[in-house]
Amino acid sequence: MDLVIIRLVFILLLAASCAVLQPFGLSRQAAGVAGLVLGVAVILFELRLRAVSLKRLIGAALASVLGILGAYLFSLVIRNSVPAGNTQSFLQLLVMLLMAYVGLVVGANKGDLLNLSALGGVFGGEKPGKRSCKILDTSVIIDGRIADIAETGFLDGVIIIPQFVLRELQLVADSADSLKRNRGRRGLDILQRIQKLTTLDIQIVEDDYPHVREVDMKLIEMGKAYDGKIITNDFNLNKVAGLHGVQVLNINELANSLKPIVLPGETMKVFILKEGKEYNQGVAYLDDGTMVVVDNARKMIGKTIDIAVTSVLQTTAGKMIFGKYDERAAAAPPRPEPQRQPSSTKPQPIMAERPTE
């Protein structure tokens, strides 16, 4: 509430100052309105700056100062090469505005790369840029599960989509092979679905690395530059990025960690879908895609049965559950519980022994 009052006082003071001073030869009323509009614009600019990180502010300020210095050097060249007059003044003003604008925009975009924690002091508490940068791989975009994860809110920060990944995705979508073409179009649809989420900051980065040909190595180089994490489901990229010291978020590892934990000896209910490879085996699948191999279940294809888990095998491709179906236990009727005889509430007489004479 206090901040709102301060803003209103600032707008009124600016409007009153313009009305009294009457800049640019304006009338008192026009100058007051101009001051009021200027005050509102300043407040809106201040509200927009509140959402910008400290790194971007410092980057924009430094780049603007450098742009203005460069514009001053250009103005010296223009002064010596262009005759004095309106053209010279216009060129000098144009160069100054252009350099200041370019420095402001570029500095704000690249401000996240600054490492303010190295300066210590006031900036020591500033977290490094790896806090939120996550780079999407082509495989994880085509996979599609990244959109479901994003909709649940488990992803935060800046989601970076490199331009070279978009080019690769477009090449797949334009492929002559119908299967690849459908996969590429699915990836483009997933990107549109992610961009519609208001909880994520999606950025398409134009950075490229011409000295690197492979897309996987370009992703690793970008991960180093932005100090971010690569989101993928490519096993080979996961290993190579780990060797280069780049953190990776693997969707397959996340899916495996979310699968239900089953211990040997537990019972579970499964639907036998097809015949197994071994004799008298049946195969079932859980809701998350985990394969369940059941012994003695060949005759139960198309039925839901109760099985006893015998072992659990964890592989690089996922988890497999082995179980056994006891046909005799399933066919045996349930044993009735023995009925307890109701106890009589009538007290029994106690017979006392007669003393012997």
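The values are calculated or read from the model by the stated rules, or taken from the named source; none is laboratory data. Only a predicted model underlies this, so the values are computations on that prediction, with no experimental measurement involved. With ideal geometry, Cβ positions are generated from the backbone for all residues, glycine too; neighbour counts draw on all protein chains shown.
Can you give me the number of residues within the stretch 269-304 that are among the aromatic types (F, W, Y) and in contact with a Gly (Cβ under 9 Å, 6 or more places away or on another chain)?
1
Scan the stretch 182-202 for residues that are surrounded by 14 or more Cβ atoms within 10 Å (Cβ to Cβ) and among the basic types (K, R) and jot them down.
Listed by number, the residues that qualify are R183, R185, R186, R193.
Can you confirm whether the stretch 25-45 contains a residue that is within 40 Å of the chain's Cα centre (by Cα) and at pLDDT below 80?
yes
Would you confirm whether or not the stretch 279-299 contains a residue that is modelled with pLDDT of 80 or more, farther than 30 Å from A147 by Cβ and exposed (fewer than 10 other Cβ atoms within 10 Å of the Cβ)?
yes
Give the stretch 217-237 a look and list any residue that's of a type in the set (D, E, K, R) and in contact (Cβ under 8 Å) with a residue 40 or more places away in the chain, or say none.
K218, D227, K229, D234
Would you pick out the residues in the stretch 171-181 that are surrounded by fewer than 14 Cβ atoms within 10 Å (Cβ to Cβ) and of a type outside the set (G, A, S)?
L171, D174, D177, L179
Can you find a residue in the stretch 271-283 that is under 12 Å from D306 (Cα atoms), in a strand (DSSP E or B), assigned by TED's automatic domain parsing to the domain that holds L313 and among the small types (G, A, S)?
No, there is no match, as no residue in the stretch 271-283 is under 12 Å from D306 (Cα atoms), in a strand (DSSP E or B), assigned by TED's automatic domain parsing to the domain that holds L313 and among the small types (G, A, S).
Taking the conditions exactly as written (of a type outside the set (G, A, S) and in contact with a strand residue (DSSP E or B) (Cβ under 8 Å, 6 or more places away or on another chain)), does L243 satisfy them or not?
Numbers: of a type outside the set (G, A, S): yes; in contact with a strand residue (DSSP E or B) (Cβ under 8 Å, 6 or more places away or on another chain): no.
It is false that L243 is of a type outside the set (G, A, S) and in contact with a strand residue (DSSP E or B) (Cβ under 8 Å, 6 or more places away or on another chain).
Residue check: is N250 in contact with a Phe, Trp or Tyr (Cβ under 9 Å, 6 or more places away or on another chain) and over 15 Å from L169 (Cβ atoms)?
Yes: the conditions hold for N250.
Which one of these is crowded, with 17+ Cβ neighbours inside 10 Å, over 20 Å from D143 (Cα atoms) and touching a Gly at 6+ places or on another chain (Cβ under 7 Å): V246, V205?
Within the list V246, V205, the selection yields V246.
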